Amino acid sequence: MPISVVMPALEMGQETGKLVSWRKKEGEKVAKGDILFEVETDKAVLEVEALGQGALAGVTAKEGDVIVVGKTIAWLIGPGETPPKENSTVNPAVEIKAVRPPQIIAPASENVPGNARISPKARRLAKEHGIDLANVRGTGAEGEILTSDIQALIGKVAPTATQPTPSTQQNAVSRIMAERTTQAWTTVPHFFLVREVDASALVKARESLRVSVEEKNGVKLTHTDLLVALVSRALRKHPRMNASWAGDGVRENTDVNVALAIAVEGGVVAAIIPNSDQKDLAAIAAHRAEIADRARAGKLRPADISGGTFTISNLGMYRVDAFIAIITPPQAAILAVGAIADRVIAINGKPEVRPTMTLTLSSDHRVVDGAQAAAFLQDLAAALAAPETSIS
């Protein structure tokens with residue numbers, strides 16, 4: 001019998017999805033597991049797989065359409081079958097819901113020389129500038145065509161009239177980030193607390209714990225890992241900071257899932273470390289490394305970006321002294337972390353040079369007040385003064 005292709009729910013509370021592109025054409029045969037189309041949600045662009053087989057027929061949605069979750073947008077039909085009428089009953093057991101994130105490396109096609117592989121960005125860039133991939137020699141592993149290979153040819157080949165210019169192309173990640181940031185900044189009543197803290201103990205703790213963590217899982221221990229552990233434990237003492245705004249009131253979250261802002265090609269994603277308050281340093285470091293690798297490879301799963309209760313954004317590695325971060329709704333707060341740098345501070349009334357860093361806490365005034373946020377920041381600063389004791 002015909003199989004209904006519906007707009008799937010990929011996130012909690014999702015009501016609609018934007019059809020980014022069809023990966024199969026009407027009339028084309030589809031095998032189980034083939035990618036049918038790409039959907040843009042509030043957080044990412046994800047691929048939808050077929051759980052059945054047949055020929056794609058009765059397509060009613062076009063690229064760019066925003067579609068209600070659960071609505072039938074096409075059918076998979078067998079020989080001699082026709083797509084049912086629009087009001088036909090759908091068997092939920094055969095609705096197509098399997099999802100996987102987009103792959104960072106695309107398979108070779110007839111336009112790519114030999115068995116070379118090519119990244120989606122390189123393919124898109126080549127298309128935008130009218131560059132024939134058959135004439136491109138990849139410099140990556142096993143002849144993979146990299147973005148840099150295409151960039152080296154830009155300007156040497158005139159783009160065809162039918163190809164869109166770069167100005168008409170908007171990276172989906174950038175667009176999602178822009179929309180969510182604008183919505184958060186204009187709808188969430190932010191307030192900010194800033195505190196400079198002595199990072200001497202944090203630096204020493206990383207050095208003293210680094211060997212044991214790296215021997216345990218082979219992952220380099222970072223200051224961010226220590227911050228995740230300390231913030232997570234502070235959130236247990238301050239559940240209001242771990243709460244969410246539910247639209248008509250405050251919802252306290254039972255789990256502590258700290259999210260990390262990770263820079264990726266075209267924007268920033270916030271990937272979570274679930275139950276971070278229950279993980280030891282080695283487990284936090286391992287999970288942080290795993291989600292960072294997946295984020296930069298474009299292979300984040302829906303579970304990696306859902307359920308965050310508090311976010312840390314660390315720009316210390318870029319030598320940024322301090323900055324203000326915008327809250328990720330429905331979370332109540334985000335912590336912006338600046339660089340650790342030697343500064344002159346007063347110790348017992350005398351000037352000393354110590355490594356310090358600036359923490360800026362952005363909070364949602366609907367969920368927490370200034371005193372609650374200040375108490376959280378005070379306890380976090382105390383934990384940073386004795387990190388090994390606070391983590392144990």
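The values are calculated or read from the model by the stated rules, or taken from the named source; none is laboratory data. None of these values were measured; they are calculated from a predicted model. Neighbour counts are summed over all protein chains in view; Cβ atoms, including those assigned to glycine, are modelled from backbone coordinates with ideal geometry.
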Margin query: I need a count of the residues in region 194-220 that are farther than 21 Å from Q378 by Cα, in contact (Cβ under 8 Å) with a residue 12 or more places away in the chain and aliphatic (A, V, I, L, M).
Written below: 3
Item checked: strands (runs of 3 or more DSSP E) wholly inside region 176-284 that include at least 2 residues being aliphatic (A, V, I, L, M) and over 20 Å from the mean Cα position of the chain (by Cα) -> 190-198
Margin query: G78 - would you say it is surrounded by fewer than 20 Cβ atoms within 10 Å (Cβ to Cβ) and small (G, A, S)?
Written below: yes
Next item on the list: Considering each residue of region 291-315, count those that are assigned to a helix (DSSP H, G or I) and closer than 14 Å to T224 by Cβ, and give that number.
Entry: 3
Next item on the list: Could you check how many residues of region 354-373 are surrounded by fewer than 19 Cβ atoms within 10 Å (Cβ to Cβ), touching a strand residue (DSSP E or B) at 6+ places or on another chain (Cβ under 9 Å) and either among the charged types (D, E, K, R) or farther than 23 Å from L315 by Cβ (or both)?
Entry: 6
Margin query: Just the residues that are at pLDDT 65 or above and either under 21 Å from G267 (Cα atoms) or of a type in the set (S, T, Y) (or both), please, taken from region 129-162.
Written below: T139, L146, T147, S148, I150, Q151
